[in-house]
Structure formats: C-alpha cells, structure tokens
Amino acid sequence: MIANIRVLEKDGNIHTLCQLDLMKFNIDQIQQRMEERGIKGENFKVCGFSDWETGPYISLEEAYLLKGKINNCYEGDDYLVRHMFQQRKTFNFVMAHSFKFVTKDEVELMKQLLKGADMDEVVEFFFKANNWVTAIQSYIRAGQVLSTPKGFYLDVGY
C-alpha cells in the first residue's frame, strides 16, 4: 500500500512529496513528520497507490481507514480493495462493502444467491433477466457480488 503523496503549496501549486508505505508507519508517525516539515494536514493528499497502479485521491485519515479495512476485513490482503479501485469503485463503496469469497463457479454462485428464495420469485427473476449472464450482472451492478479473476465474492451484508 504505497501511497503517492502530494502537497498543496500556499501559492496553489501541487507537488509530489514522496511515496509512502502506509503499512509500515502509523498515522501519528506521519503527522509528526509532517509537522516537523511545516506541512498542514489539509494540504497533504494521497493521490492513488503506486503498487496498485490506481486508487482514489483521499486524505491521510481516509487512507488509514482504508488500511484498517484491509487489515480488519481482509486479513491484511489488499487484493479485493485494489481490484475494486481498478474497477473504478469509489472510496465510499469500498468502505461500505465487505466481501467474502464464495466460489469460482457461476452455478454455485447462483445457488448461494437464491438459497431460501421462493420458487415463484426465482422464476420471475429469470424471466426478467432473460438470460444467465444478465442475472449474474444484476447482482454485480447492485454491489452484492464482486466478480474477480480469482472468482466471485459476496457482500457479507447481503
């Protein structure tokens, strides 16, 4: 989680300060170092992550919320968060959703999604969807399913 750090100067110019591995330092260490250099927190921005080759423009505090999400929800594995940003999901989406791996198989995914559903609801759902791909895509668009090269992940709040 190598953050690209930029600083907004008093004259309005923005310049690149450094790349910072947020997994190695806590927020207090970073804020202390910024104070030593005379940089105010509101002028300090994380502009994506170089090791992810993507990411949002966020504050330092938001970056550490993201770090907490990775550590607490995904056991330190940034794969899903990186994937969501690469798929152009917003910071708010990433923070609001937590996913768990379900399967690599579409049939197993649909069984999981429709478990406990009324048969009439299932028939109507597939009639409206018109085909298998559209049925799965409806769950992906709704943010309930995340499709990755490793397989399908289900929102734990679903």
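Look at segment 142-156 and say how many of its residues are open to solvent by less than 70 Å² (accessible area, probe 1.4 Å) and touching a residue at least 12 places away in the same chain (Cβ under 8 Å).
To start, the set of residues in segment 142-156 that are open to solvent by less than 70 Å² (accessible area, probe 1.4 Å) comprises 142-148, 151-155.
Now drop any that are not touching a residue at least 12 places away in the same chain (Cβ under 8 Å), which leaves 143-146, 148, 151-155.
Of the residues in segment 142-156, 10 are open to solvent by less than 70 Å² (accessible area, probe 1.4 Å) and touching a residue at least 12 places away in the same chain (Cβ under 8 Å).
Taking ALA3, is it in a strand (DSSP E or B), under 18 Å from PHE85 (Cβ atoms) and in contact (Cβ under 8 Å) with a residue 60 or more places away in the chain?
yes
Here are ALA135, ALA117: which of them is over 30 Å from PHE49 (Cβ atoms), over 11 Å from the mean Cα position of the chain (by Cα) and not in a helix (DSSP H, G or I)?
Going through ALA135, ALA117 in turn, just one is over 30 Å from PHE49 (Cβ atoms), over 11 Å from the mean Cα position of the chain (by Cα) and not in a helix (DSSP H, G or I): ALA117.
Of the residues that sit in segment 19-49 and are in a strand (DSSP E or B) and not charged (D, E, K, R), which one is surrounded by the fewest Cβ atoms within 10 Å (Cβ to Cβ)?
GLN19
I'd like the residue in segment 108-124 that is free of Cβ contacts under 8 Å to residues at least 12 places away in the same chain and of a type outside the set (Asp, Glu) and, out of all such residues, is surrounded by the most Cβ atoms within 10 Å (Cβ to Cβ).
LEU114
Looking at segment 67-101, which of the residues that are hydrophobic (A, V, I, L, M, F, W, C), in contact with an Asp or Glu (Cβ under 9 Å, 6 or more places away or on another chain) and within 20 Å of ILE27 (Cβ to Cβ) is surrounded by the most Cβ atoms within 10 Å (Cβ to Cβ)?
Among those residues, the one meeting the criterion is ILE70.
Considering only residues that are over 12 Å from ARG6 (Cα atoms) and outside any loop (DSSP other than H, G, I, E, B), look in segment 50-64 and name the one that is least open to solvent (accessible area, probe 1.4 Å).
The extreme case among them is ALA63.
Name the single residue, out of those in segment 126-141 being of a type in the set (Phe, Trp, Tyr) and surrounded by 14 or more Cβ atoms within 10 Å (Cβ to Cβ), that is farthest from MET84 (Cα to Cα).
By that ranking, first place goes to PHE126.
The values are calculated or read from the model by the stated rules, or taken from the named source; none is laboratory data. In this text, all values refer to a predicted model and were calculated from it rather than measured experimentally. Cβ coordinates were reconstructed from backbone atoms using ideal geometry, including for glycine residues, and neighbour counts include every protein chain displayed. The protein model used for the area step is the full one, side chains on, heavy atoms only, and it has no ligands, DNA or RNA in it. Shrake-Rupley method; radii C 1.70, N 1.55, O 1.52, S 1.80 Å.
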